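None of the figures in this text is laboratory data; all of them are computed from the coordinates on show. Quick caveat, the model's predicted, so the values are computed rather than measured. Heads up, the Cβs are rebuilt from the backbone with ideal geometry, glycines too, and the neighbour counts pull from every protein chain shown.
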Amino acid sequence: SSGINAEYGGAKVVCKSHPTEAVGVICECNGKWKVVEYSEISLETAHLKNEEGKLLFSQGNICNHYFTTSFLADMVQDKEQQLIHHVAQKKIPTIDSHGNADTVTGIKMEKFVFDVFQFANRFTVLEVARSDEFSPLKNGPGAKSCTPEICREDLSNLHKKWVLKAGGTFEGEGLCEISPLVSADGEGLSELVAGRVVKLPAHFAERPVTTNNGYTNGYNGLHSKL
């Protein structure tokens, strides 16, 4: 918009759960904003604390970024060659000299979109609630963290919170899922659940539709119907 400087950018962050959490850290370095990847920050620096006893570098990057289109156009046309490469070591499936399955460590050169932060004349960091906006999927089923099961449970807890805030209550146990076709951020749920009991597990797949003759369809419930 006309009220925003063309060289403008911003990012959402969450407070890191512990010093070595596998997320990059947004910080100001030599007057420029940047993301220091978790693989590039030393253990000593990661554990630094401020005067209040909290992590000094606590702003975890969750890859929710926003830029003006003119800023991004300038990055592509004039600044892309100035972006540094990050070195990442990746396990690569391969076959050894005997024809057996094996893995080798490969070197991958990467450029990240968040490295354009340094070119922004204005930059805003917005800390958001982890429970509302961040549940990363990084590992397979059965791992200790960042699994499909944990993500599913976190999303269900968020959607349950939306229903309760809208005036609904629950009966039974299980997951609750609200399709973005019904509500993208908890909005518009009061008319659907206020004063009503939702039986778990529940899936809000679509909004009721009122036809020309005045009839209203029910919910296309994957697990249950209201």
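In sequence order, segment 85-90 has phi-based couplings of 8, 9, 9, 10, 9, 10 Hz under the Karplus curve 6.51 cos²θ - 1.76 cosθ + 1.60, θ = phi - 60°, and Gly or Pro positions carry x.
Share of pairwise Cα-Cα distances greater than 15 Å in segment 122-165 is 52 percent (whole percent).
About its Cα centre, the chain has a charge dipole of approximately 360 debye under the convention of +1 per Lys or Arg Cβ and -1 per Asp or Glu Cβ, with nothing else charged. Residues whose amide H comes within less than 5 Å of that of LEU175, counting only those at least five positions distant or on another chain, are ALA202 (H built at 1.01 Å from N in the peptide plane). Calculated on the Cα set of segment 30-116, radius of gyration then Dmax: 18.5, 58 Å.
Over segment 109-216, the Kirkwood radius and the radius of gyration, each from Cα atoms, give a ratio Rg/Rh of 1.12. Averaging the sequence gap over all C-alpha pairs within less than 8 Å and six or more residues apart, then dividing by the number of residues, gives the chain a relative contact order of 16 percent. For the chain, a Gaussian network of Cα nodes joined below 10 Å ranks VAL113, VAL76, VAL36 by mean-square fluctuation, and the top entry is VAL76.
3J(HN,Hα) along segment 184-199, derived from phi through the Karplus expression 6.51 cos²θ - 1.76 cosθ + 1.60 where θ = phi - 60°, amounts to 8, 8, x, 6, x, 8, 4, 5, 9, 10, 4, x, 10, 9, 9, 8 Hz, with x in place of Gly and Pro. The loop-placed trypsin sites (Lys or Arg not before Pro) in segment 156-204, going by DSSP, that have at most 14 neighbouring Cβ atoms within 10 Å of their Cβ come out as ARG196. Semi-axis lengths, largest first, of the ellipsoid equivalent to the chain are 39, 26, 20 Å, with √(5λ) applied to each eigenvalue of the Cα gyration tensor.
Largest GNM mean-square fluctuation across ILE84, ILE178, ILE26, computed for the chain with C-alpha springs under 10 Å, falls on ILE84. The angle between the Cα long axis of helix 148-165 and the longest principal axis of the Cα atoms of the chain comes to about 50 degrees, rounded to the nearest 10. Dimensions of segment 48-168 based on its C-alpha atoms, expressed as ranges along the principal axes with the largest first, amount to 64, 44, 36 Å.
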